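Below: the structure, in structure tokens.
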């Protein structure tokens, strides 16, 4: 089968009319998306970068002074920053790992279920549709001493146990709330990937005598690689920026503060735009680093297409 | 299939746009300036209430031939209110004319130059504590609307059994011991939020000290928490945290969580004035409800009760400054303060208002006198434009209460200094 | 056809319990009278269930306006975002043009920048353009932040569709556009609806933009409006009211999801992927 070469080859790039037309079409299709994305973020991102070089408090604009990289140095040498990074990474790893397993199980169920389809599939997706703030409040209330039911239901936990009184118990409550809320996100993306696995291949494997386990690891998962990567990527990056649950449940007390919350406190609570912008840039760079690592880990190139699967 | 919803949606947008533009054309026609007053939310009116409630009611009554006052609500939490207002004032938004501010924001807003100058006569007749919370750099910058104070609420039966003489001032040590002996609880606010700093500040001031001094210097203010007073305050907190009288959820306790344990098993609690109306429906507890002045930190030294409330400020960027200044006078007048107090239970900031018969019907006169005195001799939180930062820094070292010890004042002093000078990340 | 064994039943029940228990909790909270939560009530079911809280919420005009805003803004943002993302994803997955990896990277970078530091400058920008406190003022940021995920999802999806499909259509004489419309779009439907749900829920759940870029109920969404609910006093969070509002807000969502979930699976057994 003849095919125009898609991968770059050593030598001059093809400049046929066809490929130039394709180039233009490609850019025309992509332009609206890029325009919208940059309209909202270009100026703010550049401004954040610019402000991070200043000591600037919004309510004292005359005291603004250029300090170069001093904000960055303060942040990187402060134990508060590293503690928060540790907490954030911990939450991210735990929630993404758990959600991957549960989400995949849910995706399989949504894919295969034959009875009460609509009900089960809808139930799986509802947690994602509950407004985050309400979900956080509900979970906080569930774990609270005065108004919650968790203490009453869990055997071995006294009625006086204060979940929000210690680091690990607080983190458990926060992770539970986060996992419950965002597993549907994971399972939805995994379902989309699962639905693309060819039935024929599975049948063929079954005929060849492969067990359920082997079918899962040899046929299904490899063919879902792209979907799994997108799911893990976006979920991990979101988890790294966790904010709502911490804001509502503990406000960062008991060493449960995340990097996002730290940034919020600087920018919004104290209007320290200089330091806050530096934190934002650092947060952004960490997230980019994380994304880079994940993409490399999965070795999937989304942009290469055209039958190279 | 996808076309129909799009058509409907497009029609919906067109209708919305049309109606919005019609509404915009309808408003602001008579030429009278419309002052927009950004208010914090008032509690819900009782079901049988007739008329306009709370601050919206004041706005109505103060609107006259010269100007109309309209209210816009801000979010419920004080932090969110501050964020909304600061952001708009920093952008010099002309749509904000009047605003209801928590006293701790006074310094920040004044120092940033967002408040218009007020005539100093507005403070005549106001209680001292309220004036302190409304001034910056020796000037009155906002007008007190109502003032809040904390007192010691207690279960009379438990105090009796413990042998405490509540007609005399009591100290924290006394009530903690009494509650521990009787199996009761002492309710305080010790969550990681500003309410905890209110308590710490009250303890400090009660021992004759302060968190900071010379706050007009802004970031160069002197941090004075590391003092004898600081250590006394830390002692009280540590004692409570380690005693059986501490509530199980001490590290997340706030004004609301302490109400439950106050009913059962009972004990003592420091809380704002709203408790009177909140406990009323619970007749068993209400009959046993006693009240006294805020406890002393050190025996013999008069306590400095916390003070809160709401002040009304005029934006520097308003187009109708004359009208706004007149409006402020009307809003904080004695009649309006009394009406507001009778409606919402939020106490007036003017001394004369406490004589009002309507108010004396709703609340026992001794209670009113107690509140009046508490507000007049209150210990306001240090007015600093960096108050938010200071709160965060204090909380960093003093929360949770169970971790407070003898060295806490010293640690927090150096930490606050570092944060204010930008050497440490908060 | 697999037979439904016991393990499937157990699995189904476990799933339902996991997903719906907290929902039941929220519903239960919405029936607890305000006085009960103020006094403290550590139990699952309310002591004296009441509809009072619902009545209060329904009589709150601001809330109803906010509900209208949320629906309108979320739906418009979703439709526009998915449409644009589809075009973009198709181009990236199918066409060869310089800089397509750059576009993917930009998209990712934009989605990953902390929103909290974008809000301030965006507020200034919008006041300049007159978009503050308007529907487009929220729709555009929502689109910006959901486009990356939509683009990446759809790209991954398109990538899996065999190139032979389009080639076959083109051999049959269809133009690139016709090939796109008649062959690719139906196959991509599951991915499109997935992206649509994700986009809608992002716009629906957002709080930060909702509260920072609006000042009146002209454009304030429901999430931000909830920050204006008053509790029994100024110190207790209005949990029952929030719960009741959340329940009322979730019912239409449930309907929406019930409808969409069938569409997601629509392309599955259509035999499209068979050689």
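The values are calculated or read from the model by the stated rules, or taken from the named source; none is laboratory data. What you see is a predicted model; the values in this text were computed from it and never measured. For neighbour counting, all protein chains shown are included, and Cβ atoms are generated from backbone atoms with ideal geometry for every residue, glycine included.
For the reader, a short list of remarks on this structure follows.
- Screening residue B:232 against (1) outside any strand (DSSP E or B); (2) within 24 Å of the chain's Cα centre (by Cα); (3) surrounded by fewer than 23 Cβ atoms within 10 Å (Cβ to Cβ); (4) modelled with pLDDT of 90 or more leaves a single unmet condition, (2).
- The condition (being facing another protein chain (nearest Cβ under 8 Å) and either surrounded by 20 or more Cβ atoms within 10 Å (Cβ to Cβ) or in a helix (DSSP H, G or I) (or both)) is satisfied by just one residue among A:252, A:274: A:252.
- The set of residues from region C:172-216 being without any contact (Cβ under 8 Å) to a residue 12 or more places away in the chain, more than 12 Å from every other protein chain (Cβ to nearest Cβ) and either farther than 28 Å from residue C:258 by Cβ or not in a helix (DSSP H, G or I) (or both) comprises C:172, C:173, C:174, C:178.
- Top-ranked residue in region B:265-285 [being over 21 Å from the mean Cα position of the chain (by Cα) and within 9 Å of chain C (Cβ to nearest Cβ); ranked as surrounded by the fewest Cβ atoms within 10 Å (Cβ to Cβ)]: B:281
- Test result for residue A:193, assigned to a helix (DSSP H, G or I) and touching a strand residue (DSSP E or B) at 6+ places or on another chain (Cβ under 6 Å): no
- Residue count for region B:300-323 under the criterion of being buried (at least 24 other Cβ atoms within 10 Å of the Cβ) and over 16 Å from the mean Cα position of the chain (by Cα): the result is 3.
- Inspection of region C:88-97 finds no residue satisfying the criterion of being closer than 28 Å to residue B:91 by Cβ and in a helix (DSSP H, G or I).
- Residue within region A:47-54 that is surrounded by 18 or more Cβ atoms within 10 Å (Cβ to Cβ) and either modelled with pLDDT under 85 or assigned to a strand (DSSP E or B) (or both) present: yes
- Selection status of residue A:49, in contact (Cβ under 8 Å) with a residue 24 or more places away in the chain, more than 30 Å from residue A:194 (Cα to Cα) and over 25 Å from the mean Cα position of the chain (by Cα): no
- Qualifying residue in region C:27-35 (condition: modelled with pLDDT of 85 or more, farther than 30 Å from residue B:284 by Cα and either in a helix (DSSP H, G or I) or within 13 Å of chain B (Cβ to nearest Cβ) (or both)): yes
Here's the yes/no breakdown for (1) over 29 Å from residue B:229 (Cα atoms); (2) in contact with a strand residue (DSSP E or B) (Cβ under 7 Å, 6 or more places away or on another chain); (3) in a helix (DSSP H, G or I):
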site	(1), (2), (3)
B:260	yes, no, yes
B:273	no, yes, no
B:301	no, no, no
B:304	no, no, no
B:319	yes, no, no
B:341	yes, yes, yes
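- Of all residues making up region A:130-164, the number that are without any contact (Cβ under 8 Å) to a residue 24 or more places away in the chain, outside any loop (DSSP other than H, G, I, E, B) and more than 18 Å from residue C:24 (Cα to Cα): 1
- Single residue of A:122, A:167 found to be modelled with pLDDT of 80 or more and over 30 Å from residue A:287 (Cα atoms): A:122
- Considering residues of region B:40-72 that are crowded, with 19+ Cβ neighbours inside 10 Å and in a helix (DSSP H, G or I) only, the residue farthest from the other protein chains (Cβ to nearest Cβ): B:62
- Answer residue from region C:58-70, given it is away from chain B (no Cβ under 11 Å) and in contact with a helix residue (DSSP H, G or I) (Cβ under 7 Å, 6 or more places away or on another chain) and is farthest from residue C:151 (Cα to Cα) among those: C:63
- Selection from region B:405-426 of residues that are within 14 Å of chain A (Cβ to nearest Cβ) and in a loop (DSSP other than H, G, I, E, B): B:421, B:422, B:423, B:424, B:425, B:426
For every residue, the table says whether it meets (1) away from chain A (no Cβ under 14 Å); (2) out of contact with any helix residue (DSSP H, G or I) (no Cβ under 7 Å at 6 or more places or on another chain); (3) farther than 25 Å from residue B:70 by Cα.
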residue	(1), (2), (3)
B:95	yes, yes, no
B:105	no, no, no
B:123	yes, no, no
B:135	yes, yes, yes
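- Residue, nearest to residue B:208 (Cα to Cα), within region B:351-386, restricted to residues that are without any contact (Cβ under 8 Å) to a residue 40 or more places away in the chain and in contact with a helix residue (DSSP H, G or I) (Cβ under 7 Å, 6 or more places away or on another chain): B:368
- Subset of region C:71-102 that is touching a residue at least 40 places away in the same chain (Cβ under 8 Å) and at the interface with chain A (Cβ under 7 Å from one of its Cβ atoms) - its residue that is surrounded by the fewest Cβ atoms within 10 Å (Cβ to Cβ): C:90
- Test result for residue C:138, buried (at least 24 other Cβ atoms within 10 Å of the Cβ), at the interface with another protein chain (Cβ under 7 Å from one of its Cβ atoms) and assigned to a helix (DSSP H, G or I): no
- Filter pass, residue C:128 being free of Cβ contacts under 8 Å to residues at least 24 places away in the same chain, under 30 Å from residue B:92 (Cβ atoms) and more than 7 Å from chain A (Cβ to nearest Cβ): yes
- Every pair of residues 6+ apart whose Cβ atoms lie under 9 Å, when the first sits in region A:17-30 and is more than 7 Å from chain C (Cβ to nearest Cβ) while the second is crowded, with 16+ Cβ neighbours inside 10 Å and not in a helix (DSSP H, G or I): A:24/C:97
- Criterion: without any contact (Cβ under 8 Å) to a residue 60 or more places away in the chain and touching a helix residue (DSSP H, G or I) at 6+ places or on another chain (Cβ under 8 Å) - qualifying residue of A:275, A:224: A:224
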